[in-house]
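The values are calculated or read from the model by the stated rules, or taken from the named source; none is laboratory data. What you see is a predicted model; the values in this text were computed from it and never measured. For neighbour counting, all protein chains shown are included, and Cβ atoms are generated from backbone atoms with ideal geometry for every residue, glycine included. Just the protein is used for accessible areas: all its heavy atoms, side chains included, with ligands, DNA and RNA removed. Shrake-Rupley method; radii C 1.70, N 1.55, O 1.52, S 1.80 Å.
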Amino acid sequence: MKKVFFVCLFYAIFQFSFFATEKLVDYTVGLGSGIPFYGKIEDEFSEFDKISTQNKIVLDTFATINFNVIEQARFFAGVDLFTDFAWKNDEYKNFLHLCFPVGFKFYPNLGGLNLGVAYVLGFRANFYRAASYPKRNTASSWGNGFKFFLEYDFAYNSAHTWLPALGCSWTFMPRGNFSHDNLLNFYISESF
């Protein structure tokens, strides 16, 4: 009985999204960069802090499915991959933060300005190598934290639906062993 209910609910949501004047369901993809602040990185690899890096690239990509239930609020669920690559010659330390946010964005009638909050579940994968030590790959514990948004959506209540949104976010993620990461992110996104 539950399976039939969920199939009917899924079908109804997508039917409304195709025939409604306002889209009930839409999708967002984004690209950004940011600044990571790491907690303790627990590992037996004592050479980790001695790795000197000269080159650095920080990228963030995300995708969400949005449920536009009312005009002033959007509920969403998605996936976010925040990457931090740093290297010099043969030494490197790379971090991949994979998380799954679920939350909502609120539009307080100030144009496309919106504020959001999300519950986030995720982990961090660590890849590093020092000149005097071979490659090493580890992963943090799964953690659950929060993500806060401040965004301006230029397409909100506009006739031009192709306009992007600009925003910033802060993710607070516990990593186990009384350690946590803070990720500040600045991004551009597009909904379709």
Report summary line: Sorted list, accessible surface of protein heavy atoms, 1.4 Å probe, largest first, for GLU71, GLU151, GLU91, GLU190 is GLU71, GLU190, GLU91, GLU151
Query raised in the report: Which values, in whole Å and largest first, are the semi-axes of the equivalent ellipsoid of the stretch 37-192 obtained as the square root of 5 times each eigenvalue of the Cα gyration tensor?
Result: 35, 16, 11
Requested in this report: Along Cα→Cβ, 7 Å out, is where each label goes; now give me the distance between the ones at HIS160 and LYS56 in nm to one decimal.
Outcome: 3.5 nm
Report summary line: The FRET efficiency for VAL29 and TYR152, from their Cβ-Cβ distance with R0 = 22 Å and rounded to 0.05, is 0.80
**Report entry** Mean separation of Cα contacts under 8 Å (6+ apart) over length of the stretch 127-192, as relative contact order %
**Finding:** 28 percent
